[in-house]
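Novice: Provided herewith is a single structure, encoded as structure tokens, for subsequent inquiry.
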Amino acid sequence: MSQLVLPLQLQDHAVFDSFWPAGNNTLVAYLNELSTSASSPGCWIWGATATGKSHLLQAVSERTGDRSVYLPLGIFLEAGPEVLEGLESRQFVCLDDIDKVAGNTAWEHGLFELCNQTQDLGGILIISAMATARECGFELKDLESRFSRLPPFHIQPLKDSDRLKALQLRAKQRGLDLPDDTGHFLLTRRKRDMASLYQLLDKLDLEALKAKRRLTIPFVKAVLNSNDS
């Protein structure tokens, strides 16, 4: 996928089909429709860490292909706002972790210019942050005002009952079978945020492939004990 000249590759698992939508059905439906119809100026997605914001922004970018660009601002913070130049040429501009640059004068002016250019060209801004636009701490009030006009969505963390289903969906996308008992074992013995759980699943996938084993509880225990030793 062409992403301008930015040295960035989308994560292969970050697609709509691998996102468990429980509690966020309205948001997922909105993004699916937006990716197809381009009938909105975009949206502002806010919520806690490891709730799927980056996943959804990348899913939009994957769905819309060369019409889009995905930019995680936390990674490019030190590069400066020059990385924003030319992004308005894409119909979909997906800006992740925008709160990371709030309060930075140069970044805010660069973002304000990008907003104006994107709006003039009929583009779509899809933005993620830890808080609402008014709570991010933007010093440039015109920029805060522009962002506040985007439809806001508060992304909800998964309930305990849905974490297993989300893990099993991710496993299925990787060609793995994650039995209920093994999934419950993981949920009770490791960090419970989804980012950590997905990272662990990736590790188990590699180990299972090397050992040609299924994800049984004894096998998972052996992998975890090996990592801890």
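Novice: When the residues of region 96-147 are narrowed to those that are part of a helix (DSSP H, G or I) and among the acidic types (Asp, Glu), which ends up farthest from Phe76 (Cα to Cα)?
Specialist: Asp120
Novice: Which one of these is farther than 14 Å from Ala50 by Cβ and part of a loop (DSSP other than H, G, I, E, B): Arg214, Arg192? Step through it out loud before you land on a result.
Specialist: On the way: Arg192 fails: farther than 14 Å from Ala50 by Cβ.
Only one candidate qualifies: Arg214.
Novice: Please specify each residue of region 61-115 satisfying the condition of being touching a Cys at 6+ places or on another chain (Cβ under 6 Å), surrounded by 22 or more Cβ atoms within 10 Å (Cβ to Cβ) and more than 15 Å from Gly42 (Cα to Cα).
Specialist: Across region 61-115, the qualifying residue is only Ala102.
Novice: Another question about this same structure. Which one of the conditions (1) in a helix (DSSP H, G or I); (2) modelled with pLDDT of 90 or more; (3) exposed (fewer than 15 other Cβ atoms within 10 Å of the Cβ) does Ala171 fail to meet, given that it meets all the rest?
Specialist: The single condition Ala171 does not satisfy is (3).
Novice: Condition test on Thr64, is it in the same structural domain as Leu111 (by TED's automatic domain parsing), without any contact (Cβ under 8 Å) to a residue 40 or more places away in the chain and of a type in the set (S, T, N, Q)?
Specialist: Yes, satisfied.
Novice: Being closer than 25 Å to Asp96 by Cα and touching an Asp or Glu at 6+ places or on another chain (Cβ under 9 Å) is the requirement here; does Gln173 meet it?
Specialist: Criteria met by Gln173.
Novice: Go through region 38-50 and count every residue that is closer than 26 Å to Gln199 by Cβ, surrounded by fewer than 23 Cβ atoms within 10 Å (Cβ to Cβ) and of a type outside the set (Phe, Trp, Tyr).
Specialist: Residues flagged as closer than 26 Å to Gln199 by Cβ, surrounded by fewer than 23 Cβ atoms within 10 Å (Cβ to Cβ) and of a type outside the set (Phe, Trp, Tyr) within region 38-50 amount to 4.
Novice: Then there's this: Quick check on region 77-92: of everything there that is of a type outside the set (Gly, Ala, Ser) and touching a residue at least 60 places away in the same chain (Cβ under 8 Å), which residue is farthest from Asp120 (Cα to Cα)?
Specialist: Across region 77-92, the extreme among qualifying residues is Val83.
The values are calculated or read from the model by the stated rules, or taken from the named source; none is laboratory data. Keep in mind it's a predicted model, so treat the numbers as computed, not measured. All Cβ positions, even for glycine, are placed from backbone atoms using ideal geometry, and neighbour counts span all protein chains on display.
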